[in-house]
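Enquirer: Here it is, the structure in full.
The values are calculated or read from the model by the stated rules, or taken from the named source; none is laboratory data. All values reported here derive from a predicted model rather than from experimental measurement. We place every Cβ from the backbone using ideal geometry, glycine too, and count neighbours over all the protein chains shown.
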Amino acid sequence: MKIKDIGFDEYFENLALEALKVNSLEEINNEELVPARVIRINKRYYTLFSDEGEFLARIKGKIRYNSEIQSELPVVGDWVLMKKSDNNAFIDTILTRKNILYRKANIKKNDIQAIVSNIDYAFIIVGIDNEMPMSAIARYLSVVHTSGIKPIIAISKIDLYEDEEYKELLALIKETYPNETAFAYSSKTAKNTNTFLKYIKKDTSSVFIGASGAGKSTIINYLLKDERMKTQEVREYDFKGMHTTTHRELLVLDSGGVVIDTPGLRNLGLWEDDKGIKKTFEDLEEYAKRCKFKDCTHQHEPDCYILELLENDEIPYERYDAYITLLNENRELQKSSIEIRKDRKIALKKITKYGNRNKKNNK
Ligand SMILES: Nc1nc2c(ncn2[C@@H]2O[C@H](COP(=O)(O)OP(=O)(O)OP(=O)(O)O)[C@@H](O)[C@H]2O)c(=O)[nH]1
Ligand SMILES: [Zn+2]
């Protein structure tokens, strides 16, 4: 397998050539930097896949990130330029990401942490047996939209119920999210599992997100056709020359498509900003401009255009409800982060005051 088989496309090739100031990849000789993809991270060690095989690398003290947008540590999915010497490999540069998915590292502090990058599709797995509210799907959708990744809603385990049940749920999802792609499948009977492969093709990278127990591992294993995910192990040599056995987080299907399954993705608390909500509810955001009040919450205000449309059945109730739920949650979140900042300010003031008083007393 070569880097071209795991997503090293023209976009990254051009970035690499530009960074290396050469005209073709053949010009890169062994002494210099070579392109590689981050396929796993364990603490400060990065498993990189390059045309010369896998390397366990660390990052250079001063990492270069050739984009003005963000400077961050490497994440799984990143394309990097790797420098290797006899036993050591280093990440020298992170090539500008196409996109990046974040999660909340600390919900209270509103800190965010990057988890995975350069993704084409995010499958939002919704278990038919799991009564997930429509607004939870909206949350996943807006997280994915925030990152500029294409979300695809997949209802799993449809073998558990009569066909009418999943058809009804699918219809409701399509009514609530008319601009999104959605389908239903079963890993058990294999019904519609081919739909995944319509997306997961060569030169694409996909992730699976959704509640615990939704069926993510099951479908990934199914698509891999065996239990490779659990058993596919890599022997890595650490810098003390000892080898460790680990699991890959970046997997390649027979179709050539890449599937990324990182532990970080599984934890709840994916992060979004207003951009994601705006994209998920584009139409409602547009209607909201016609409300009387600029800060209308669309719940009780007079002359609220959204409420008017809702009363006239021009907006599906589920869609309205999901929108309001997300707006309210985000408002709470913003409030709490302001509170935290306030608290910090007060604490800081106290410290400074205390310091000043001490000074005075010392005089
Ligand atoms: N009947 C049926 N059961 C399924 C199907 N897919 C998954 N399951 C079962 O649902 C349970 C949870 O599936 P997992 O694939 O482990 O769920 P997950 O989303 O990976 O869960 P986490 O790892 O906790 O995030 C398991 O007992 C699976 O056997 C399906 O298509 N049909
Ligand atoms: Zn309104």
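Enquirer: Which one of Gly53, Gly77 is at positive phi and at pLDDT 90 or above?
Expert: Gly77
Enquirer: Residues of the stretch 1-22 being without any contact (Cβ under 8 Å) to a residue 24 or more places away in the chain, of a type outside the set (D, E, K, R) and in a loop (DSSP other than H, G, I, E, B), which ones?
Expert: Val22
Enquirer: Give the residues of the stretch 194-227 that are more than 8 Å from ligand 1 (Cβ to nearest atom), assigned to a loop (DSSP other than H, G, I, E, B) and touching a strand residue (DSSP E or B) at 6+ places or on another chain (Cβ under 6 Å), sorted by residue number.
Expert: Hit for the stretch 194-227 is Ile200, nothing else.
Enquirer: For the stretch 154-180, give me each residue that is touching a Phe, Trp or Tyr at 6+ places or on another chain (Cβ under 7 Å) and not in a helix (DSSP H, G or I).
Expert: If the condition is that a residue be touching a Phe, Trp or Tyr at 6+ places or on another chain (Cβ under 7 Å) and not in a helix (DSSP H, G or I), then Ala154, Ile155, Ser156 are the ones that fit.
Listed here are the residues, each with its yes/no results for (1) within 15 Å of Leu250 (Cβ to Cβ); (2) over 23 Å from the mean Cα position of the chain (by Cα).
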| residue | (1), (2) |
| --- | --- |
| Ile3 | yes, no |
| Val22 | no, yes |
| Val34 | no, yes |
| Ile39 | yes, no |
| Leu48 | yes, no |
| Asp51 | no, yes |
| Leu56 | yes, yes |
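Enquirer: Tell me the strands (runs of 3 or more DSSP E) entirely within the stretch 236-346 that contain at least 1 residues that are more than 16 Å from ligand 1 (Cβ to nearest atom) and either crowded, with 17+ Cβ neighbours inside 10 Å or at pLDDT 95 or above (or both).
Expert: 250-252, 258-260
Enquirer: Let me ask something else. Confirm whether Ser135 is surrounded by 16 or more Cβ atoms within 10 Å (Cβ to Cβ), more than 22 Å from Glu318 (Cβ to Cβ) and more than 16 Å from ligand 2 (Cβ to nearest atom).
Expert: no
Enquirer: Quick check on this structure: which one of Lys157, Lys191 is at positive phi, touching a residue at least 24 places away in the same chain (Cβ under 8 Å), surrounded by 15 or more Cβ atoms within 10 Å (Cβ to Cβ) and touching a strand residue (DSSP E or B) at 6+ places or on another chain (Cβ under 9 Å)?
Expert: Criteria check complete, one pass: Lys157.
Enquirer: Okay, next question. Name the pairs whose Cβ atoms lie under 8 Å apart, with the first residue in the stretch 288-317 and within 22 Å of Ile173 (Cα to Cα), the second near ligand 2 (Cβ under 8 Å from one of its atoms) and of a type in the set (D, E, K, R), and 6 or more positions between them or separate chains?
Expert: Leu307/Glu301
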